[in-house]
1. Rank by packing, highest mean first: peptides 217-226, 234-243, with packing defined as the count of other Cβ atoms within 10 Å averaged across residues.
2. How far apart, in nm, are the 7 Å Cα→Cβ label points at Ser81 and Trp258?
3. Want the number for Thr73 to Ile161: 0.36 nm per residue separation, take away the alpha-carbon distance, what's left?
4. For the residue pair Phe173 and Asn289, what label-to-label distance in nm results when each label sits 7 Å from Cα along the Cα-to-beta-carbon direction?
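Each reported figure results from applying straightforward, stated rules to the coordinates on display, with no laboratory input. Quick caveat: nothing in here was measured; it's all calculated off a predicted structure. Cβ: placed from backbone, ideal geometry, glycine included. Neighbour counts: every protein chain shown.
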Amino acid sequence: MTELENFKLLGVALAIGLLIGLERGWRARDRVEGMRVAGLRTYGLIGLLGGLSGILAQQGNAFLVGFVFLGLTSVLLVAYSKSLEKFEDVSITSLIASLITFTLGALTVFGHITLASASAVVITSLLSFKPLLHGWVKKLEQHELNATLELLLISVVMLPILPNQGYGPWEVFNLYHIWWMVVLIAGISYLGYFAIRIGGNQHGPVLTGALGGLVSSTAVTLNLSKLSSSYPNMENVLAAGILTACATLFARTLLITWVMNPVLCQTLLPAFLVMSLVTYLVAFLLWKNARDFRTNEEITLKNPFQLGMALKFAAFLVLILLLSKLLKDYFGDMGTYFLAATSGLADADPIIISMSQMSKEGMEVGVAAKAILIAVSVNSAIKSIFSWVIGSRALGFRVAGTLLIAVVAGLLITYKINGF
């Protein structure tokens, strides 16, 4: 390695230290000079020390980096203990950040420049997000923490060990595929739930609809429809929230099919793109012409993840897959369409997922696309009925009219492009 290359690597190591030191120094900027364990200059020097020790280790003994690391740790521990006597600050964040800075400086010399630089940016961002992260932790409830751990359990621990092989009639029982579908739906719902928990509903029903559509557009429809009786003359903004949730379901359907079967997604793209755009457009126009809406009532959503509900969803999904194969064999395509319409009365997700999977295993893409369109259309009709019956007639007219136009437009586009 030439001297010029060494200079470049040491420059990167120094820059990494200065980047992390900038954030640490800014946070401790109110302390008097000399009262900080490490600041901008010190972190820069620590990064440079890591780079220099890496160069020396390449020239001699590789264990030299370890010895320098232990020496730096000892110095930092002494400084930390002295600082603890003055400030009674037991946080070891800066101590760990210093050791990481040294390690990243050494990594640059060993050729991992991109990894070290990217890690420095991530670490600096993580350090600067302290108030935001602590705010989230304070808002986090016990059942939400449990939900997070359970979601990690089913995705990180359970999914990789399940056999990727079909069992039973028509080899429907592929544990890996079934559980992967459960993880996909649970993950989307989890993100939507926490988006609402963090943002709240103080920004209005439209934001609630956009985020709630990731969890359950039906739940948003029921909640906002109930509010219409307590807030008369607010049909526009409430309808905008419901329609935003329904449009998000259309976009979510495209996301699920794209993840599971891009060919099927391409077939459905024109229809659901038109459906979502029409619904979003009407929702925007209603929101723009709506009065200010203020309420302290929270939009109630279920727990972000429950293992029992995941198992029930998996069982329901297996049932849909099995019935799809059975009805397909005995009644042809009409059996699949009937099942899709029946499933859409309760939840469109199982039929969307099952058709996406079956279209990869031999089912015609056109048949799977029709089944998904039927399920989503029936589900949209059910939400229209909910808004009409639970909410006011004016609310129902806005929601049902818009969804009817959107669905019909989507079906016509599909018929014109794909011939069905």
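1. Descending packing order for the listed peptides: 234-243, 217-226.
2. My value for the distance between the label points is 5.7 nm.
3. Difference between extended and current length: 27.8 nm.
4. A separation of 5.6 nm, rounded to one decimal place.
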